[in-house]
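Here, each number is a calculation from the coordinates, and none is a lab measurement. In this text the structure is predicted, and so the values were computed from the model without any measurement. Cβ sites come from the backbone with ideal geometry, for glycine too, and all protein chains shown count toward neighbours.
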Amino acid sequence: MSIPHEHNFKPARHKKFDLRQNFCRNPDNDPSGPWCFTELTETRHQECGLPQCSEVKCMRCNGETYRGPMDHTESGKECQRWDSQKPHKHTYQPHRHVGKGLDDNYCRNPNNDVRPWCYTMDKNTPWEYCNISVCDSDNDVEVEVTTSCFRGQGEGYRGTVSVTPAGVTCQRWDALFPHNHSYTPHNYKCKDLRENYCRNPDGSEIPWCFTTNPKVHKAFCTNIPRCESESSDSTECYEDNGESYRGNLSKTRSGIPCGLWSDHTFRRDTRSAKASVGLELNLCRNPDRDKHGPWCYTSNSSIPWDYCGLERCGGPKPSCFIHKTTRIVGGMQVQRAEDGSWVVSIQKRNRHWCGGSLIREEWVLTDQQCFSTCVPDLSEYTVQVGLLHLNASADTQGLRIAHVVCGPEGSNLALLKLTTPAPLSEHVRTVQLPVAGCAVAEGTYCLMYGWGDTKGTGHEGSLKMVGLPIVSNKRCSQSHNGILPITETKICAGGKRDQGVCEKDYGGPLVCQEGESKVIVGVSINGRGCAVARRPAVFVNVAFYSEWIRKVFKYYSDMEISY
């Protein structure tokens, strides 16, 4: 808009100056500082009167936003420049901590310490705090306060959640037992460190707390939901698999900031020019040609990497389903443990909730829709292995879930990381993953396993299996009258009789025999209706997502588990 004043400072022409809305900016490097055009016809433009950072003499809160000119410590020692490694080597380099104000040798607080500090020029004193007065109006940086959910990194969360996702009570902030720390209400007066509520006083990815478990120092409060109304930071999209994406998004789909590529070892494919560029800073990229789109590493030890919140250009948005209690129809009871020894019962509040498959001792593959969010309250869930009947208790193992890793957008898959590996035995085995991209011939008989009801045919509550023939995607789509999108991400089976997926079967496996190996080729998912004659059951095609599964195994193998 150029009314009432015509001008040439268009956002599209001056992208680097961030000319959004009507905010004060300085696109012509005016020595007087930021300015703007006015809405008064008689006044073309005016300076905004913002003070220079060097004029700031005091700090607010613990000085995270202090940008003043103090360059000596409280004992009078001269500060070392942040971009220098002499006399003290350090990691707080300006290019790695953008936005922290690490200019020259000024006192700063890049790590959310108690107050600003700096490295010193005294080789015998690595660092010291700086003596900076507190502003009369000691308010924290303006953050949007929320109580039932959190926005951004949750620094404005002021709710009362005080337990970890695993159900462990948080330690009080004013207590130093069982964990000694400096994040006390006295040191961080503006961070609302009341009681033992989850908070984010140090700029972490999301709110967290120290725990009352002496063996677990701290835990992220992933049981606090992210505000649904939080708008997306980007309307960008990517073409094909996103290998050529060069946008500026730098956080994962769950809002966790990306880590620097330079801080992680990544084997680049020298045969591809695309794969060898773009790994600057911490931007979302796809150097390994992951078919599910751009991703990045994170600085969170619990989430080594994740996909970014980008959509494929022109692609439809995934729909959301609400979990329903369901059943398997027309199956026969499993007689021997080894016939379904990889099938698990995911239980919520000690009642069967969904099926799943043990694909490694510590990993379960299931339907993402069994959970209302990718960060559920895991204290409600357990995984029962080696179970043939839901009422049986002998020879069963109840295992807790440490993490839920949601699959690529639209996959409806989730991987569950167990707190402890399942003890393998005759009754507890793993099922093999298929080769990535493989296809099962039409007509091949495979077995589907589930715990659901049987419409009065007996064996209620028992693990059941039913043989279903594989149906081509083309025929499957025709059988469903073209209503369901049957793409390469799906695999179909059954349809001759009313046998197939129904309530309580969701998350369960479709397993095919390959030589002496049994391979999981499909996962039953919610939202496809109950078993109907001449309507093949639709499963997630595990082979299409094998690369993602193995990638999770690789990068999540050594992650820290919080109870």
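If R0 is 35 Å, the Cβ-Cβ spacing of Ser262 and Cys36 corresponds to a FRET efficiency of close to 0.40. Once you list every other residue whose beta carbon is under 13 Å from the beta carbon of Trp363, what net charge do they have if Lys and Arg are +1 and Asp and Glu are -1? Neighbourhood net charge equals +3.
Between the amide H of Leu50 and any residue lying 5 or more places away or on another chain, no distance stays under 5 Å, with hydrogens modeled in the peptide plane.
Close amide H contacts of Arg199 (hydrogens built in the peptide plane, cut-off under 5 Å, sequence separation of 5 or more or a different chain): Trp208. The modelled label-to-label distance between Cys438 and Cys227, using points 7 Å beyond Cα along the C-beta direction, is 4.8 nm. As a rough guide to protection, the peptides 441-449, 358-366, 538-546, 104-112 ranked by mean Cβ packing within 10 Å, highest first, stand as 538-546, 358-366, 104-112, 441-449. Extension gain, Leu424 to Lys554: 0.36 nm times the residue separation minus the Cα-Cα distance gives 44.7 nm. Among the listed pairs Lys348/Lys417; Lys191/Lys218; Lys417/Lys490; Lys189/Lys215, those whose Cα-Cα separation exceeds 19 Å are Lys417/Lys490; Lys189/Lys215.
In a fully extended conformation the segment linking Glu361 and His5 would gain 121.3 nm over its present Cα-Cα distance, using 0.36 nm per residue. Take each peptide in 383-390, 176-183, count the other Cβ atoms within 10 Å of every residue, and average; sorted highest first, the result is 383-390, 176-183.
Using the Karplus relation 6.51 cos²θ - 1.76 cosθ + 1.60 with θ = phi - 60°, the per-residue 3J(HN,Hα) values for the stretch 80-94 come to 7, 5, 5, 8, 10, 10, 10, x, 10, 7, 7, 9, 7, 8, x Hz, with x marking Gly and Pro. Ordering Ile303, Ile3, Ile491 by the number of other Cβ atoms within 10 Å of each residue's own Cβ, fewest first, gives Ile3, Ile303, Ile491. Put simply, the amide H of Gly522, placed in the peptide plane, has neighbours under 5 Å in Leu510, Val542, leaving out anything fewer than 5 places away on its chain. Highest-first packing order for the peptide set 466-479, 343-356 is 343-356, 466-479, based on the mean count of other beta carbon atoms within 10 Å. Using a cut-off of under 20 Å, list every residue of the stretch 2-41 whose amide N is near the label point 7 Å from the Cα of Asp103 along the Cα-to-beta-carbon line. Only 16-19, 24-36 fall inside the zone, counting backbone N under 20 Å. Between Arg194 and His14, the modelled labels are 4.5 nm apart [label points 7 Å from Cα along Cα→Cβ].
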